[in-house]
Amino acid sequence: MQKEVVVSGIRPTGFLHLGNYFGAMRNYVRMQDEFDCYFFVANWHSLTTHPDTKELQNSVYRVIAENIACGLDPDKVALYVQSDIPEIAELYLYLNMLAYKGELEKTVTFKEKARAQPDNINAGLLTYPVLQAADIIIQRAVKVPVGKDQEQHLEMARNFAERFNYRYGDILPLPYAFNYGDELIKIMGLDGMGKMSKSENQQSTIYLADEDDAIRKKIMKAKTDQGPATPNSEKPDYIQNLFTLMKLVSNVEAVAKFEFDFNASSTGNCVIRYGDMKKQLAEDMVQFITPIREKANAILGDKDLLHKLMKQGADKGRSRAAETLKMVRNAVGLNY
Ligand code: TYM
């Protein structure tokens, strides 16, 4: 039986962090044995914010290295750089004819970016979701492992594929956001403000490249409070975030102990000691990140290997992309 096709991408706009790992990369690693997987570095997407050229180049290498360090096997999956697949740009052109200015202007990420960079509201920013749809549709993917922040982009990709099928015949499968759990994940910053991010909020974001002491320092500074006022209270979101992280890196006994302590706490009888919880979390996080950091650094030091793997990934990625483009050209009437 043919395996279902999976696509996902990461923008090389800075160091990868726990949000990227738990929202996306952890799923990539699990999916590589079950599905036909295409993972890539979305370097065209990062041009919307006009990055420094040298930094962009280094970030592309880093994203490839960190993906492998997290467990992706470049022999099992196609791991490539977006700009090495020119077929994506051609499909982007066709999909742009099916995307409307009004819907693009209403996209949440567009509105956020337009607010953040009022002097650089370029056409690439407006059509960002169309390029993302082209990334996915070029491999005819049905599953797209992403974090919660990408939900709307996935909905748009589905709309564009549906519109294409309606106009030109039913040739494109519809893609859906995917996570192994019930819900898409959002990892918040440790200050309880917004999500962990590659470029903002850096003191509250834990990066896969962080040294042990930086990890400890950031976690010990994470926002907490005096504890719950009544037993079995609902957790404030910044406390929930610490529990979420603990569930991801600590053993079940540790999580169970702090859950029990939280539920047994009330004003005047605060059983949970957030200081102890953070210490435990910090040590478990160090254990989790150290091997990833060390492996990524070793791969980054070997540019020949990186180039070889990038070429191998591009060859795999282009072969299915060319097939799709042929189908699309035929459907649109561009076959002479
Ligand atoms: P990017 O580069 O911002 O993030 C890469 C992946 O990490 C997830 N993520 C998070 N998950 C949980 N909590 C967080 N704090 C958090 N921060 C990031 C993102 O959801 C994403 O899965 N537009 C995409 C890149 C892209 C793409 C694609 C993705 C381009 N083309 C095609 C899938 C398919 C982006 O900016 O992700």
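What follows draws every value from the coordinates through simple rules; no lab data is involved. Note that the structure is predicted; figures quoted are calculated from it, not measured. With ideal geometry, Cβ positions are generated from the backbone for all residues, glycine too; neighbour counts draw on all protein chains shown.
A few notes on this one:
- Label-point separation, Leu334 to Thr290 (7 Å along Cα→Cβ), nm: 5.3 nm
- Applying the Karplus relation 6.51 cos²θ - 1.76 cosθ + 1.60 with θ = phi - 60° to the range 97-107 yields 3J(HN,Hα) values of 6, 10, 10, 9, 3, x, 5, 5, 5, 8, 4 Hz, where x marks Gly and Pro.
- Once divided by 2.2 N^0.38 Å, the Cα radius of gyration of the range 39-146 becomes 1.15.
- Here the range 74-136 has an Rg and Dmax of 13.9, 43 Å, counting Cα atoms alone.
- Residues of the range 112-128 with amide N under 19 Å of the 7 Å Cα→Cβ point at Glu55: 113-122, 125
- Descending by average beta-carbon neighbour count within 10 Å, the peptides 236-245, 127-136 line up as 127-136, 236-245, the highest first.
- Full-extension gain in nm, Glu323 to Tyr180, via 0.36 nm per residue minus C-alpha separation: 48.6 nm
- Inter-site label distance for Glu253 and Lys106 at 7 Å from Cα along Cβ, in nm: 5.4 nm
- The range 37-131: relative contact order in percent, alpha carbon pairs under 8 Å with at least 6 residues between: 36 percent
- Pairwise FRET efficiency - Glu4 versus Arg167, Cβ, R0 = 22 Å, nearest 0.05: 0.30
- The fraction of all Cα pairs in the range 210-296 landing in successive 5 Å bins from 0 to the largest distance is 3, 15, 25, 24, 16, 9, 5, 3, 1, 0, given as whole percents.
- Whole-number D in µm²/s for the range 237-336 (Stokes-Einstein; Kirkwood sum over Cα pairs; 20 °C, 1.002 mPa s): 117 µm²/s
- Note on the chain: helix-only mean residue ellipticity at 222 nm, from DSSP H runs of 4+ residues weighted -39500 (n - 2.57) and normalised by residue number, equals -16500 deg cm²/dmol.
- Working from Cα pairs under 8 Å separated by at least six residues, relative contact order for the chain is 23 percent.
- Ordering of 297-304, 157-164 by burial proxy (mean other Cβ atoms within 10 Å per residue, highest first): 157-164, 297-304
- Whole-angstrom Cα spans of the chain along principal axes, big to small: 79, 48, 45
- Our compactness index for the range 23-92, the C-alpha radius of gyration over the empirical 2.2 N^0.38 Å, is 1.18.
- Solvent-free Debye scattering, log10 I(q)/I(0), computed from the Cα coordinates of the range 105-224 at q = 0.12, 0.18 Å⁻¹: -0.61, -1.05
- C-alpha center-to-center spacing [the range 242-288, the range 177-204] in angstrom: 19 Å
- Among 255-267, 16-28, 32-44, 205-217, sorting by the average number of other beta carbon atoms lying within 10 angstrom of each residue, highest first, gives 16-28, 32-44, 205-217, 255-267.
- The slack in the chain from Asn122 to Met193, taken as 0.36 nm per residue of separation less the alpha-carbon distance, amounts to 22.8 nm.
- Added length on full extension, which subtracts the Cα-Cα distance from 0.36 nm per residue, Asp304 to Arg273: 6.2 nm
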